[in-house]
Amino acid sequence: MIPKIRTGTDRAFPLIDYLFGPGKHEEHTDQHLIASWNGFAPDPGPNPERHQVAKLANQLDQPVKALGKQAPATRIWHCSLRTAPGDRHLDDAEWATIARRIVHATGIAPEGDTAACRWIAVRHASDHIHIAATLVRQDGRLAGLSFDKRKAQAEARLIEKEYGLRRLKPGDGTAAKNPTSQEHFKAERTGRTEPPRETLREAVRQALAGADTEQEFFTRLREAGLRVKLRHLPSGDLLGYNVALPGDRSRTGEPIWFSGSKLAPDLSLPRIRRRLDAVPATGTPEPDDRPARADRSAPARRRRDAAGIAERTVAVLDQDNDEAAAHLTGAGELLDALAQTSPAATRAELREAARAFERATRSHVRAENTDIRALRSAARGIVQAGGALGRGEDGGATAMVLSTLVLVTLAAARWHSARGHAQQAAASRQAAHHLRTAYQQAAATPMRTMREAGRALPEADRRRHDTTIHTVLDSDRRPSARGSDHDALAAVLAEAEKAGHDPKALLEEASSWRELDTAHSRDDVLVWRIRRIADLPASPEPPHQAPATTRNGAKPGRPAQRPAPPTPAQPATDPHPPAPRR
């Protein structure tokens, strides 16, 4: 059950007129009163005359009018309550009881208080009701509404349990503010796909991903096409910032500004400064000391580096201490960087994953002295390298980092669950779902190439690698040179062996790392780990394009050279040759 609370400065009439009217899209049917402060309030009924609405509104407004000029500026309180899709049908009597529980819990009308605020509950659909109240008590005092939204949410969780409704995740007060119904209506009216608040929140997060200084952050905001207004103290010191979408204006033609703190708690200028000052992102450290890289473009190399850094984050999250909270923030920046630079095939899913994981980066857990420089630098490197991936690397390099980020989000879900952060854990799992979809899109071609290469291996080589796989992974199945589901893994072991590595040692190292048991496909995770450890190209060459590797020509079952060589004495030149032996 979802309670949404809003307050307003109008008298009761506009709201009552809306509740008993047809609605903005003729969605209101069978409008009727189900409960009120005294049980005797007049019911205007469906599509009433104006004087019938005015009669009910005047009764609600009487305590407000009695105060005259001393009446508060905020006079009306409106709470909508909606059940989840699939919940059972609640009748009028059940809804009336629920309404009384909400006004009692929030302090609008505590049970037994005959001088409390006046309120009514209106039902005009099967799955929700509206509660309207005026914020002056009948004894002339103002209503006490401290933490009314939090109290309504807590009561809704109890109602769900007692009425057998779908139980939503309890929050902890760290979620970003959702757009209001007015913002949704305006977005629909103006043809936007979402309210400006959500568009701005995503744009600010992406501008912050890997930013080194405040100036760079503000420059990125302007380059993203946002209007930026800086607020200064009389001394000239920067106090805060506001952003607005071009074309988003009020009725008077003024831009509609949002401060960073109104977009999300961690996007306020003080919180951004804390992130920038504590862990500078200058430079892009390598995840290991290997001097050579097999990838052929800067974006691909940055994704490879990010995969290694993300592997360390999995280990930090599994340590189950509070220092991991900072690493969640760094992982969120990494996702934001990928979402704005990845190929079109995966960009939509990555944007959804970044949006979902944004909720997982905020909680009341604080890690003051944790160094997440590597994560922020990885995000910075991805943003600076841009999205122009080299030929053949768009799938492999992206799949390599996405395979690891799936494990990061699953580890984050466990970390949050252990602390009772239900909303953050659910957001982490949702992010993992989108990342898996993006991974499948990115990995389709390179994984198919590796499976074909595995099936094309000579019989003896395939049996040897299959034996290694089953020995290291302790599989119960017997090795098989053909028809095995380890085709891609066997291919990457053969490729690593050709580059001078010990296949068994590589496989043992890759399989010893954390999170392998939670992977959707164990072989996929191992394939990308081995490719990164061994400095193999992120995307392998198709089998029919592999150059000859034996002294006397090609191995059995493989072409000796690429199609259409220049001359028999001059071998074909591959513009993107594999990495040399180490």
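A compact table of results
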{"item": "From Ala315, Ala354, residue being under 21 Å from Ser377 (Cα atoms), in contact (Cβ under 8 Å) with a residue 12 or more places away in the chain and surrounded by fewer than 24 Cβ atoms within 10 Å (Cβ to Cβ)", "result": "Ala315"}
{"item": "Lone qualifier among Ser36, Ser80 - being modelled with pLDDT of 90 or more, over 14 Å from His128 (Cα atoms) and of a type in the set (S, T, N, Q)", "result": "Ser36"}
{"item": "Checking Leu142 against (1) touching a residue at least 60 places away in the same chain (Cβ under 8 Å); (2) closer than 22 Å to Trp257 by Cα; (3) open to solvent by 40 Å² or more (accessible area, probe 1.4 Å), the condition it does not meet", "result": "(2)"}
{"item": "Complete set of residues in the stretch 259-283 that are modelled with pLDDT of 85 or more and either in contact with a Ser or Thr (Cβ under 6 Å, 6 or more places away or on another chain) or more than 16 Å from Gln215 (Cα to Cα) (or both)", "result": "Ser259, Gly260, Ser261, Lys262, Leu263, Ala264, Pro265, Asp266, Ser268"}
{"item": "Residues (open to solvent by less than 50 Å² (accessible area, probe 1.4 Å) and either closer than 16 Å to Leu276 by Cα or among the acidic types (Asp, Glu) (or both)) located in the stretch 222-240", "result": "Leu238, Gly240"}
{"item": "Hey, Ala399 part of a helix (DSSP H, G or I), open to solvent by 10 Å² or more (accessible area, probe 1.4 Å) and modelled with pLDDT of 90 or more or not", "result": "no"}
{"item": "Selection from the stretch 522-551 of residues that are touching a Ser or Thr at 6+ places or on another chain (Cβ under 8 Å), under 11 Å from Met450 (Cβ atoms) and modelled with pLDDT of 80 or more", "result": "Asp524, Trp528"}
{"item": "Test: residue in the stretch 84-104 that is within 21 Å of Leu142 (Cα to Cα) and in contact with a helix residue (DSSP H, G or I) (Cβ under 7 Å, 6 or more places away or on another chain)", "result": "yes"}
{"item": "Residue in the stretch 78-99 that is open to solvent by 30 Å² or more (accessible area, probe 1.4 Å), hydroxyl-bearing (Ser, Thr, Tyr) and part of a helix (DSSP H, G or I) present", "result": "yes"}
{"item": "Number of positions in the stretch 100-137 that are within 17 Å of Ile159 (Cβ to Cβ), of a type outside the set (Lys, Arg) and not in a loop (DSSP other than H, G, I, E, B)", "result": "10"}
{"item": "Selection status of His28, closer than 14 Å to Arg123 by Cβ and open to solvent by 70 Å² or more (accessible area, probe 1.4 Å)", "result": "no"}
{"item": "Hey, Glu183 charged (D, E, K, R), open to solvent by less than 20 Å² (accessible area, probe 1.4 Å) and either on the phi > 0 side of the Ramachandran plot or within 27 Å of the chain's Cα centre (by Cα) (or both) or not", "result": "no"}
{"item": "Yes/no for Asp30 being of a type in the set (Asp, Glu), outside any helix (DSSP H, G or I) and touching a Leu at 6+ places or on another chain (Cβ under 7 Å)", "result": "no"}
{"item": "Selection status of Ala175, surrounded by fewer than 18 Cβ atoms within 10 Å (Cβ to Cβ), within 30 Å of Gln384 (Cα to Cα), of a type in the set (Gly, Ala, Ser) and at pLDDT below 90", "result": "yes"}
{"item": "Elements of type helices (runs of 4 or more DSSP H) in the stretch 158-247, at least 3 residues being within 29 Å of His416 (Cβ to Cβ) and free of Cβ contacts under 8 Å to residues at least 60 places away in the same chain", "result": "196-208"}
{"item": "Residues (of a type outside the set (Gly, Ala, Ser), closer than 14 Å to Asp524 by Cβ and open to solvent by 30 Å² or more (accessible area, probe 1.4 Å)) located in the stretch 438-457", "result": "Gln440, Gln441, Thr445, Arg448, Arg451"}
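Residue-wise test of (1) more than 19 Å from Trp95 (Cβ to Cβ); (2) of a type in the set (Val, Ile, Thr); (3) in contact with a strand residue (DSSP E or B) (Cβ under 9 Å, 6 or more places away or on another chain).
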{"position": "Lys149", "(1), (2), (3)": "yes, no, yes"}
{"position": "Ala152", "(1), (2), (3)": "no, no, yes"}
{"position": "Ala156", "(1), (2), (3)": "no, no, yes"}
{"position": "Glu160", "(1), (2), (3)": "no, no, no"}
{"position": "Arg167", "(1), (2), (3)": "no, no, no"}
{"position": "Lys177", "(1), (2), (3)": "yes, no, no"}
{"position": "Ala187", "(1), (2), (3)": "yes, no, no"}
{"position": "Thr190", "(1), (2), (3)": "yes, yes, no"}
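The values are calculated or read from the model by the stated rules, or taken from the named source; none is laboratory data. From a predicted model like this one, the values you see are computed outputs, not experimental measurements. Glycine also receives a Cβ, built like all others from the backbone with ideal geometry; neighbour counts cover every protein chain displayed. Please note that ligands, DNA and RNA were not included when accessible areas were found on the heavy atoms of the full protein model with its side chains. Shrake-Rupley method; radii C 1.70, N 1.55, O 1.52, S 1.80 Å.
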